[in-house]
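One structure below.
The values are calculated or read from the model by the stated rules, or taken from the named source; none is laboratory data. Note that the structure is a prediction, hence the values are computed from the model and not measured. No Cβ is skipped: glycine too gets one built from the backbone with ideal geometry, and neighbour counts run over all protein chains shown. Ligands, DNA and RNA are excluded from the accessible area calculation, which covers all protein heavy atoms including side chains. Shrake-Rupley method; radii C 1.70, N 1.55, O 1.52, S 1.80 Å.
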Amino acid sequence: MAEFGLNHIPFGFRESDGAIVDVYAVPRGRRCGCICPSCRTPLIARQGEEKVWHFAHASRNVYDRTAQECDFSFFVSVRLMARQLIGSELTLALPEYRGHVSRYVEALQDTRELDYLVTAGRSIQLEQVEVETQFREVSVDLKGRVGDFEFVVYLLHPGRHIPPVLEALEGVRAGVVAIDLHGLAGTFAGVAEAGRTYADALAEFLRNDVSSKRWVYHPRQAALRSQAEAKFAVSIAQEIEQIGQRPVLEAGLRADKGAGYGDRDTRVTRQVQCECLYCGSQWDGREPGRNVCPKCGTHLGTRILSS
């Protein structure tokens, strides 16, 4: 299988009609009539027998002068073709979306974590699709509707990142998903053997490739996080309460087991004077236990001075 590199351009801008076209859909060489969608340099359609078909800049000298502008010509051409391929409806396979809460609990001297499900992976039907449009005063690639909710798709590649506005949404009846185009070069490498075109592969990628997609915002995200945090707080409180009841339970066991057990338990729960080897702080602690220095926040430098 021939390798498709990010210096290869799969789609060109045809000057005669302003369409973004696949290299498989144009005449060979300079007769393709296309320019680079990124830097506007004339293109040559390379359609040989040994290498993957692709567009290349027509003049090396010209390319040398426009190379810096054209670092992302592969991705620019893909993004423009993606917009052109989308009709008024689009089916999208979406990934699972999970949230995460984490908290250091001083009473437990440890960190507790909880994952929660925002939405399971599924396919949606996007209707009333608009391309290259506005959402919350930000330019986005696609916008449509899923029932009563707006839905936004933003295409990512090197040099193009999610706008902060989309990552800071709150209380909006909309979903936002980003699609990373970086893995497309590998997908394009096999189109000739499969008897397909780059446009075919791109359309399939947009619809069905789940690994390239990630959720940026989900309308139920905030409510589900609040529920998870409440559940998390109850779980931590119960754990702390159970630990607090252990001395009472152990005292009952000592009474049942006799003096020998009581002596052994007394040693387990004795009070000790601790010192931190890092900062010299001293405090009352318990042995055994991870006696955390109140200043350094770690137990690694703790030594026992006396009981």
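Numbers for the structure displayed
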item: Check: the chain dipole with +1 on Lys, Arg Cβ and -1 on Asp, Glu Cβ, in debye; result: 340 debye
item: (1) -0.73, -0.87, -1.15, -1.25; (2) -0.49, -0.73, -1.24, -1.46; (3) -0.60, -0.84, -1.21, -1.32, with the label sought being that of the calculated log10 I(q)/I(0) by the Debye sum over Cα atoms at q = 0.10, 0.12, 0.15, 0.16 Å⁻¹; result: (1)
item: Translational diffusion of the range 164-226, µm² s⁻¹ [Kirkwood Rh, Cα pairs; Stokes-Einstein; 37 °C; 0.692 mPa s]; result: 237 µm²/s
item: Charge dipole (the chain, unit charges on Cβ, about Cα centre) - positive-most of Phe75, Cys274, Thr298; result: Cys274
item: Among 30-36, 149-155, 89-95, the order from most to least packed when residues are scored by Cβ within 10 Å on average; result: 149-155, 30-36, 89-95
item: Rg/Rh for the range 98-202, where both radii come from Cα atoms and Rh is the Kirkwood radius; result: 1.10
item: Choice from Gly121, Gly280, Gly183 showing the highest fluctuation, given a GNM over the chain with Cα pairs closer than 10 Å; result: Gly280
item: For the range 150-171 versus the range 67-122, the gap between their alpha-carbon centres in whole angstrom; result: 10 Å
item: Choice from Val146, Val76, Val234 showing the highest fluctuation, given a GNM over the chain with Cα pairs closer than 10 Å; result: Val234
item: Estimated 222 nm signal from helices in the chain, with DSSP H stretches of n ≥ 4 weighted -39500 (n - 2.57), rounded to 500; result: -9000 deg cm²/dmol
item: For the range 1-158, size of Cβ-based charge dipole, Lys and Arg +1, Asp and Glu -1, in debye; result: 660 debye
item: Inter-part distance where the range 1-55 and the range 205-234 are each reduced to a Cα centre, Å; result: 39 Å
item: Heavy atoms of Thr197 accessible to a 1.4 Å probe, total area in Å² rounded to 10; result: 40 Å²
item: Principal axis dimensions, largest first and in whole angstrom, of the range 24-181 by Cα; result: 71, 41, 34
item: 3J(HN,Hα) from dihedral phi, the range 196-205, Karplus parametrisation 6.51/-1.76/1.60, rounded to Hz, x for glycine, proline; result: 10, 10, 5, 5, 4, 5, 5, 4, 5, 4
item: Reachable aspartates and glutamates from Lys51, criterion Cα separation under 13 angstrom, eight or more residues apart if same chain; result: Glu3, Glu193
